[in-house]
Amino acid sequence: MAAAYRVLIIDENVEELRSLTDMLVLHNMEVSSSKAEHAALRFLQTNIPDAIVIKGCDAHFKLLETLVADERFVAVPLLYILESDAVGSGAVALEAGAFDVFTLPLHDAVFSNRIIHSIEYVRCHHRCIKESQTPFSIDISKIEGIDYHAGVRNCAGLDTFKEALAEFYRRLDENYTKIQKTLEQSDWKNFRIYVHSLKSSARLIGALGLSDLAMRLEHAADTEDVSVIHELTPELLSLYKSYQEKLLPFYTEQTTGGVAHNQDKPLIDDDMLQSALADLKECVGIADFDSADFIMRSLSEYQIPADKKDYVEKIKAAVSDVNKEEIIKLLEKGEWST
C-alpha cells in the first residue's frame, strides 16, 4: 500500500533520527531524513513533503525561520521537537511559526496521530481561506495581545479561531477564580492543572505571551517553587483579566450579530468520532494534554450529530479543565449509547 503522507525529519542525533523514522513508517508514512540544515535545504529544493519535523537546536531554529519565510511551504505544517527541560522554548517556536510543538519523550501513536492531524488541518485551512467568510465589523486581526496569524494557524481555520476566542472569553471568569483560589490555598497540584489549561487555551488563540507566562508557572508548580509562583501569579492574573476587555467587543458581536458557520462543516460519522475519542483516551492515559487539546480542536472542524453533541461538549469542558478523572469517566461511559 502506498504511503499516505510524506514527511521530512531533521535531527542531528542519528539514533533519535532512526527512532523517529521507525515510528512514522509504522503508521504508513514515507519518511525522508536529514542530520544537517544544508542537506535538508538541498532536499527541499526539489521536494515538498506533507509535513516537516524539526528537532530543536540553534541551527535548526534558524531553519524553522527560513522555512516559515518561504512561500513554498505555506501549506506544509512545520513541527518542532523540544527536550523535556526546554522551558519557554515552545512559545518561542510557535511565535516563530511552528504549527505545533512536541516535547520528548514521544509516544509512538500520539506523535504519529498529531502529525496526521496537522497535515489534515493545514489542508482544511487552505481550503477554507479560499471560501468566502461572513465579515465582522470588528477587525479580529487587530485584537491587542492576540497573534491573529498564530491563532488562525493553531485553529486551522478562521471559523474555529472565532469559536476558540468566544470559548476563551466565556470561561475567563471561572478559570481566573480557580487559579486565584488554588494560589490562596497553596493547592499546587490543582494550581498546576489550571495554569496548564490556560497555557494551552491561550496558545490556541494566539495569546502567546500569556501562554508563555502560564507555562513558566506550570513548571514552578511542578517543583513547588513557591517564591516564583507568588512572584509571577499576580502578573498572570492581571494579564489574563485584561483579555476580558480586549475580547468583549468581539464576543458581543459573535453572540448577537455573528453568523454561525456550523452548517458549512461536514457531519462527522460514528467511526471517525469513535477513533478520535479512542485517541483522546490514549493521550489522557499518559497525561499528554497537549495532544488531547489537539484532538478536541480537530473535532471542531465537524458538525457533531445532535444526539452526541452534549456528550462531546462535556468531554470538551473536561479536557479544557484538564480533569483526567472526568474525561476517563465520560469516555468509558460512552454516554450517547445509554
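At-a-glance table
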{"item": "Test for PHE250: is it in a helix (DSSP H, G or I), in contact with a strand residue (DSSP E or B) (Cβ under 9 Å, 6 or more places away or on another chain), hydrophobic (A, V, I, L, M, F, W, C) and under 22 Å from ALA166 (Cα atoms)", "result": "no"}
{"item": "Sole exception among (1) open to solvent by less than 20 Å² (accessible area, probe 1.4 Å); (2) at pLDDT 80 or above for VAL322, by number", "result": "(2)"}
{"item": "Flag for LEU183 being in contact (Cβ under 8 Å) with a residue 12 or more places away in the chain and either open to solvent by 30 Å² or more (accessible area, probe 1.4 Å) or farther than 23 Å from PHE102 by Cβ (or both)", "result": "yes"}
{"item": "Matching entry among TYR176, TYR194, TYR169 (being part of a helix (DSSP H, G or I) and surrounded by 21 or more Cβ atoms within 10 Å (Cβ to Cβ))", "result": "TYR194"}
{"item": "Failed criterion for ALA278 (all others in (1) more than 24 Å from ARG203 (Cα to Cα); (2) not in a helix (DSSP H, G or I) hold)", "result": "(2)"}
{"item": "Residue check, VAL228 aliphatic (A, V, I, L, M), touching a Lys or Arg at 6+ places or on another chain (Cβ under 8 Å) and over 17 Å from GLY151 (Cα atoms)", "result": "yes"}
{"item": "Of all residues making up the range 291-319, the number that are open to solvent by less than 50 Å² (accessible area, probe 1.4 Å) and either of a type in the set (Gly, Ala, Ser) or without any contact (Cβ under 8 Å) to a residue 40 or more places away in the chain (or both)", "result": "15"}
{"item": "Candidate set from the range 97-117 (those that are assigned to a helix (DSSP H, G or I) and modelled with pLDDT under 80); member that is farthest from ILE286 (Cα to Cα)", "result": "HIS117"}
{"item": "Unmet requirement for TYR121, which otherwise passes all of (1) closer than 30 Å to SER19 by Cβ; (2) of a type outside the set (A, V, I, L, M); (3) surrounded by fewer than 20 Cβ atoms within 10 Å (Cβ to Cβ); (4) at pLDDT below 75", "result": "(3)"}
{"item": "Number of the condition not met by ARG42 [criteria: (1) over 24 Å from the mean Cα position of the chain (by Cα); (2) open to solvent by less than 30 Å² (accessible area, probe 1.4 Å); (3) not polar (S, T, N, Q)]", "result": "(2)"}
{"item": "Residue within the range 253-264 that is touching a His at 6+ places or on another chain (Cβ under 9 Å) and at pLDDT below 80 present", "result": "no"}
{"item": "Subset of the range 9-20 (residues that are surrounded by fewer than 18 Cβ atoms within 10 Å (Cβ to Cβ) and touching a strand residue (DSSP E or B) at 6+ places or on another chain (Cβ under 9 Å))", "result": "GLU12, ASN13, GLU16, ARG18"}
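The values are calculated or read from the model by the stated rules, or taken from the named source; none is laboratory data. Just so we're clear, the structure is a prediction, and the values are computed from it rather than from any experiment. Heads up, the Cβs are rebuilt from the backbone with ideal geometry, glycines too, and the neighbour counts pull from every protein chain shown. When the accessible area is computed, the model is the full protein with side chains, heavy atoms only, and any ligands, DNA or RNA have been set aside. Shrake-Rupley method; radii C 1.70, N 1.55, O 1.52, S 1.80 Å.
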